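What follows is calculated from the coordinates using simple rules that are stated; it is not laboratory data. Predicted model only: the values in this text are computed from it and were never measured. In this analysis, Cβ positions are derived from the backbone assuming ideal geometry, glycine residues included, and neighbour counts consider all displayed protein chains.
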Amino acid sequence: MRYLIPALVCVLLLPLTASAQTGYPMVMSLKPVAVQAGQTAEVEFNTRYSMLGAYRVLVSGNGVTGEVIPPEVKEGEKPSITKLKVKITAAANALPGVRDVRLATPQGASTIGQLVIVRDPVTYESGDNNSRDKANELTLPATACGVIEKNEDVDFFKFSVEAGVELNFHCRCGRLQDRIHDLQNHADPMITIRNSMGGTVAASDNHFFGDPFLAVKFDRAGEYFLEIRDVRYQGNAYWEYAVEIANRPFVSNVYPLGIAREQETQVELIGTQLPEAKTASMTLGKDLAEGPAWSQLKLGDDVSNPAPVYVTSLPVVLETADDNNAPDAGQIVTLPAGINGRISTESDVDCFRFEAKKGDKFTFEVRARRYQSSIDPYIRVLNAEGKQLSENDDLRDFKRGFADSRIENWAAPADGTYVLEIRDMHLRGGDSFVYFIEATRAEPHFTLYADTDKTLLTPGTNGVVFVQLERKNGFTGEVQLHIDGLPPGVEAVCGRILPDKGRDGCIILRAAPDAKLDIADVTISGTSSWSPAEGAAPLDLAAVATVYQEMYQPGGGRGHWPVDAHTVSIGDPNDIRGIKLSESDIVLKPGESKKIEVEIVRSDEYDKNVTLDVRFFHLSEFCNTLPPGVKFDEGKSSKLITGKNTKGHVVLTADANAAPVDRQLVPVTANVSLNFVMKTTFSADPLWVSVAPKE
């Protein structure tokens, strides 16, 4: 959960008059991008669109807070503030790593920025440090921060070491840009360690995905240099980096990767500068949610950097030392189970044998690459004779693909023995090629995805949250949507996702006319009571939605990246002050069309085009909550409202074979373009659409 931190009370909190096409701030970078635990530091937020009036800071996780430092603004002026100082305070026990951070402004919640909490003092590049003789000096341990700001920019930092010292250099740069909404081109950083003569001691390009990592033992005492640049010698004003440099253990992974709660587990440490035993004890608390987590390990008098683990409630199985490289030598396991293993050498193949009855259905999901493992897993299901029955390389969750593997809803063709096989796709191997396989029965369920990650409301107006569903393992039920954690003064009308092939639903939010500036992270979920067969007892199913932030892709495309939470904000009156419908509850007969008159209320200054819709659409359709067989008839609709005009209409048409539906929630939206990709979406009060039975 994010913390909400009041800003200093100042003139910026006075109401603002919206100008034409008012855009929410789009965070591009933080400078510096890192703050040391136990310290308070000023961080500059750089955005597209103004942060004027910013009043709160939201930071994911615990132990980190923020406070806006109000800029000087003359009375009566409303400048565009695209650089803003924020005071970040990180508690001494704040977990190191990357946090999502946002600003609350009268224009709405900003997009996500990235903040790194580090253990050591931060040195930000200064002056012209593009050569060794102008390098910025570091006192180790340290975190070197800066920006690869232009083409051919090469930054240098100098440091001194004694003979025999080993240092880790952990760079975060490209990974920090994945969630930056409007940053189309990303850095591909590399680091090089040079001696006093400029000779290369060590270099690294890609280690943690596109970011480099080095562990260097210095045989000779003296002065050395850290060089960081883009591999292609490209640059960008927003390509911030943080390189953590320290002579202490760095744990990249632990083995086993999948760990049960409340059980003391001895784990093998994988990384550099590790204690001689290379082991540690780990006990996960009972309240820790199932799924990925970051855990620090006690190493003598110190703690490690946070290492990735996967919290599981499955019976945990550990790969044995016996040879399991062939189907007939596979390790025997009983499913369901969580299987921990490692591709320990080149060309290693791990096989696990299990018994299944005809029609038994299983899902096998590998969790590895997403958690810093070196493996690019490839899995197969074989019969007892070694014949392939199913295989997968890369899995896909909704709109994003991952290098990990999943075989979903596999059904045993007959009673017998089967083999689950895993290897690295490129036949590599080593200590860091750890994996955890969730081998579970393929039970019917569903997953939910919210698009996008923020909803802007203003007093007396509505917004809409779009939710999409993926059906798993035969689930065909209806899903009722829910939302929790709304700020005071905001009410919700929660729609549903229709059964069978239904995929899309929505939630319409309304701010009270007297609602005050506020912001809150919310939880979006869905429930279903569904019978898998006639007469069967219903299954009570539930899921919490994964939240996607929309991304501006090169060429005008609209991409997605998962973020921590959906944020609802109440801002100042905006371009659109209201939307009125001629009808709020319509019934369509099969083959019938109906026109709904729409009137928008503009701000006095706003005279730009407004587009009406009942779907979420950019170049292609992303979400459509209309009942099956009902379409938005664009040809008969007047969806473009130009200039100072305020009236249009939408036409809905049911085809001749449309199935009956009772009161499906549909949003009628007015969309204001901010750029070719992005828009601000306002919603009317709920429109309920029914389809009558065919006569």
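At a glance:
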{"item": "Stokes-Einstein D for region 122-246, Kirkwood Rh over Cα pairs, 20 °C, 1.002 mPa s (µm²/s)", "result": "149"}
{"item": "Pairwise centroid distance, computed over Cα atoms, of region 531-605 with region 155-219, Å", "result": "44"}
{"item": "Burial ranking of peptide ranges 358-367, 160-169 (average Cβ count within 10 Å, highest at the top)", "result": "358-367, 160-169"}
{"item": "Solution diffusion estimate, µm²/s, Stokes-Einstein, the chain, Kirkwood Rh from C-alpha pairs, 37 °C, viscosity 0.692 mPa s", "result": "118"}
{"item": "Cβ-derived FRET efficiency at R0 45 Å, N62 paired with N195, nearest 0.05", "result": "0.60"}
{"item": "Dipole magnitude (debye, nearest 20) for the chain, charges at Cβ of Lys, Arg, Asp, Glu", "result": "1540"}
{"item": "Hypothetical label at A329: residues of region 346-378 whose amide nitrogen lies under 12 Å (7 Å Cα-Cβ projection)", "result": "348-351"}
{"item": "Cβ-based net charge around I270, under 13 Å, with every Lys or Arg adding one and every Asp or Glu removing one", "result": "0"}
{"item": "Interatomic Cα distance distribution for region 39-147, bins of 10 angstrom, percent", "result": "13, 39, 30, 16, 2"}
{"item": "Proportion of all alpha-carbon pairs of region 443-573 beyond 23 Å (%)", "result": "39"}
{"item": "Region 500-580: radius of gyration over Cα atoms, expressed as a fraction of 2.2 N^0.38 Å", "result": "1.57"}
{"item": "Label-to-label distance, nm, for residues given as F402 and K387 (7 Å Cα→Cβ offset)", "result": "3.3"}
{"item": "Cα-based Kirkwood hydrodynamic radius, region 575-695, one decimal, Å", "result": "14.8"}
{"item": "Taking N as its residue count, the alpha carbon Rg of region 316-442 over 2.2 N^0.38 Å", "result": "0.97"}
{"item": "Relative contact order (%) - the chain, alpha-carbon pairs under 8 angstrom, separation at least six", "result": "10"}
{"item": "Charge context of G341, other residues only, Cβ under 10 angstrom, K/R +1, D/E -1", "result": "-2"}
{"item": "Total formal charge among the other residues, if their Cβ is under 15 angstrom from that of P538, Lys/Arg +1 and Asp/Glu -1", "result": "-4"}
{"item": "13 Å tail of the calculated P(r), region 250-312, as % of Cα pairs", "result": "57"}
{"item": "Extension gain (nm, one decimal) between V165 and Q273, 0.36 nm per residue minus Cα-Cα", "result": "37.8 nm"}
{"item": "Percent RCO, i.e. relative contact order, over region 250-312, from Cα pairs under 8 Å lying at least 6 residues apart", "result": "39"}
{"item": "Mean Cβ count within 10 Å, highest first, over the residues of peptides 418-427, 445-454", "result": "445-454, 418-427"}
{"item": "Cα gyration tensor category, rounded, prolate or oblate, for region 559-643 with a/c compared to 1.5", "result": "oblate"}
{"item": "Pair E470, A237: separation of 7 Å Cα→Cβ label points (nm)", "result": "3.8"}
{"item": "Alpha carbon centroid spacing (whole Å) that separates region 316-348 from region 30-93", "result": "49"}
{"item": "Computed FRET value (nearest 0.05) for N130 with N206, which takes r as the C-beta separation and R₀ as 22 Å", "result": "0.40"}
{"item": "Ranked by how many other beta carbons lie within 10 Å on average, peptides 175-182, 271-278 from highest", "result": "175-182, 271-278"}
{"item": "Cα gyration tensor, region 540-599 - rounded (a/c under 1.5), prolate or oblate", "result": "prolate"}
{"item": "Fraction of antiparallel bridges per DSSP, the chain only, in percent to nearest 5", "result": "90"}
{"item": "Check: region 252-307 dipole with +1 on Lys, Arg Cβ and -1 on Asp, Glu Cβ, in debye", "result": "80"}
{"item": "Additional length obtainable on full extension of the chain from Q263 to H618, 0.36 nm per residue less Cα span", "result": "122.9 nm"}
